[in-house]
Amino acid sequence: MDLRDSPDAAVLRPPPAAPDSVGSFECAEESAHYAFSVQLLLTQYASLVPWRQEGVAELGSGDARAIGQVVRTQPGLRVHGTDISATSVQRARESIAELGVADRYTVELGDFFEWADSPAGQRIATAIANPPYLPAPDGDLLMPELWGGEHGNDLVLRLLKAGFEHVLVALPSYSDPAETLSTAAHLGYRVANFLAMGLEFGRYSREPKVLRHIQQLVAEGRGWAGDDEYVVAVALLTRSPEVRDRSDQVRRALQLPG
Ligand SMILES: C[S@@+](CC[C@H](N)C(=O)[O-])C[C@H]1O[C@@H](n2cnc3c(N)ncnc32)[C@H](O)[C@@H]1O
């Protein structure tokens, strides 16, 4: 069966073109991979990750279309999202209303890390994110909110240090994933499992300043990218000692040298 024919897989269809697409992240394939992986990993690891009891926190909801579909198909799931972009939050609220999940998915305007430090944030053990990961010398980009620092992994490193027990996060092959994974291991995280997918460069990674920087990072051995492609692994990292650690497998999927 073609998954795109399933009514619950609307997440896989490209969104309609928006008049001001730079104000909000748009990459249908990547968002679908993220959402599909979140759904599969949360359901497969429901006995480990307490999402049914306390919900999950989301760093960077974007237009919320993809995770909104997951919330719609998982009646036990509640998501507290945060996004730093006002346009994204406005679009997120529209998507959430259209999908009829406003009682279980909320998106707040602001910095995720401030919210994560608040008493409400500290009550939640699980964070999910397709975080900003564009590597570039500075944040003067097509969509500045997607800047991930010089190596692209600033936001994921902050997320790992924020104290969550479980982090379900997209790891791109060109944003120094070796450093991200070794920091995760140092902080006590294991890779419980992951889904990896090859993606073509999109409008944000093709921006000349970003593309040049990606090529430089790859030449320095800080990641992998082909001529027009890279890999994104959406991984469940957990501090639980009960799971088998698949960090070697995710490194291979991200094309990192052994
Ligand atoms: C790659 S997009 C992902 C959007 C959406 N989750 C998806 O996959 O379709 C990353 C999002 O993170 C947001 N963002 C960047 N820094 C943030 C921060 N400190 N706190 C909250 N959101 C942030 C950006 O505005 C952007 O919408």
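None of the figures in this text is laboratory data; all of them are computed from the coordinates on show. In this text, all values refer to a predicted model and were calculated from it rather than measured experimentally. Positions of Cβ are backbone-derived with ideal geometry, glycine not excepted, and every protein chain shown enters the neighbour counts.
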### Query
Inside the stretch 108-147, can you point out the residues that are closer than 22 Å to Tyr204 by Cα, more than 9 Å from the ligand (Cβ to nearest atom) and under 15 Å from the mean Cα position of the chain (by Cα)?
none
### Query
What's the number of the condition Pro257 fails, among (1) surrounded by 14 or more Cβ atoms within 10 Å (Cβ to Cβ); (2) part of a loop (DSSP other than H, G, I, E, B)?
(1)
### Task
Scan the stretch 166-191 residue by residue and report those that are part of a loop (DSSP other than H, G, I, E, B) and in contact with a strand residue (DSSP E or B) (Cβ under 7 Å, 6 or more places away or on another chain).
Ser173, Tyr174, Tyr189
### Query
From the list Leu217, Leu211, which one is outside any strand (DSSP E or B) and free of Cβ contacts under 8 Å to residues at least 24 places away in the same chain?
Leu211
### Task
Among the candidates Glu200, Glu229, Glu179, single out the residue that is touching a Gly at 6+ places or on another chain (Cβ under 7 Å), in contact (Cβ under 8 Å) with a residue 12 or more places away in the chain and of a type outside the set (A, V, I, L, M).
Glu229
### Task
Output the number of the condition that Tyr34 fails; it satisfies all remaining conditions of (1) near the ligand (Cβ under 9 Å from one of its atoms); (2) surrounded by fewer than 18 Cβ atoms within 10 Å (Cβ to Cβ).
(2)
### Query
So Tyr105 clears everything in (1) within 14 Å of the ligand (Cβ to nearest atom); (2) under 21 Å from Ala46 (Cα atoms); (3) surrounded by fewer than 19 Cβ atoms within 10 Å (Cβ to Cβ) except one condition, right? Which one?
(3)
## Note on the structure
The lone condition Ala102 fails out of (1) in a loop (DSSP other than H, G, I, E, B); (2) within 21 Å of Ala170 (Cβ to Cβ) is (2)
### Task
Restrict the check to the stretch 137-155 and report whether at least one residue is in contact (Cβ under 8 Å) with a residue 24 or more places away in the chain, in a helix (DSSP H, G or I) and surrounded by fewer than 18 Cβ atoms within 10 Å (Cβ to Cβ).
no
## Note on the structure
Residue count, the stretch 220-254, condition in a loop (DSSP other than H, G, I, E, B) and out of contact with any Asp or Glu (no Cβ under 6 Å at 6 or more places or on another chain), comes to 14
### Task
Can you confirm whether the stretch 55-69 contains a residue that is over 17 Å from the mean Cα position of the chain (by Cα) and in a helix (DSSP H, G or I)?
no
### Task
Could you list all residues from the stretch 64-84 that are near the ligand (Cβ under 8 Å from one of its atoms) and of a type in the set (S, T, N, Q)?
Thr82
### Message
So the check is Cβ under 8 Å with 6+ separation or different chains; which pairs have a first residue in the stretch 123-135 that's part of a loop (DSSP other than H, G, I, E, B) and a second one that's within 11 Å of the ligand (Cβ to nearest atom) and hydroxyl-bearing (Ser, Thr, Tyr)?
### Response
Asn130/Ser31; Asn130/Tyr34
### Task
Could you check how many residues of the stretch 20-31 are away from the ligand (no atom under 11 Å from the Cβ) and either in contact with an Asp or Glu (Cβ under 9 Å, 6 or more places away or on another chain) or farther than 21 Å from Pro172 by Cβ (or both)?
1
### Summary
Within the stretch 228-246, restricting to residues that are among the hydrophobic types (A, V, I, L, M, F, W, C) and under 15 Å from Leu171 (Cα atoms), the one that is surrounded by the fewest Cβ atoms within 10 Å (Cβ to Cβ) is Val231
#### Entry: Close pairs (6 angstrom Cβ cut-off, 6 or more residues apart or separate chains): free of Cβ contacts under 8 Å to residues at least 60 places away in the same chain in the stretch 50-65, near the ligand (Cβ under 7 Å from one of its atoms) and not hydroxyl-bearing (Ser, Thr, Tyr) anywhere
Ser61/Asp83
## Note on the structure
Within the stretch 156-188, restricting to residues that are within 14 Å of the chain's Cα centre (by Cα) and small (Gly, Ala, Ser), the one that is surrounded by the most Cβ atoms within 10 Å (Cβ to Cβ) is Ser175
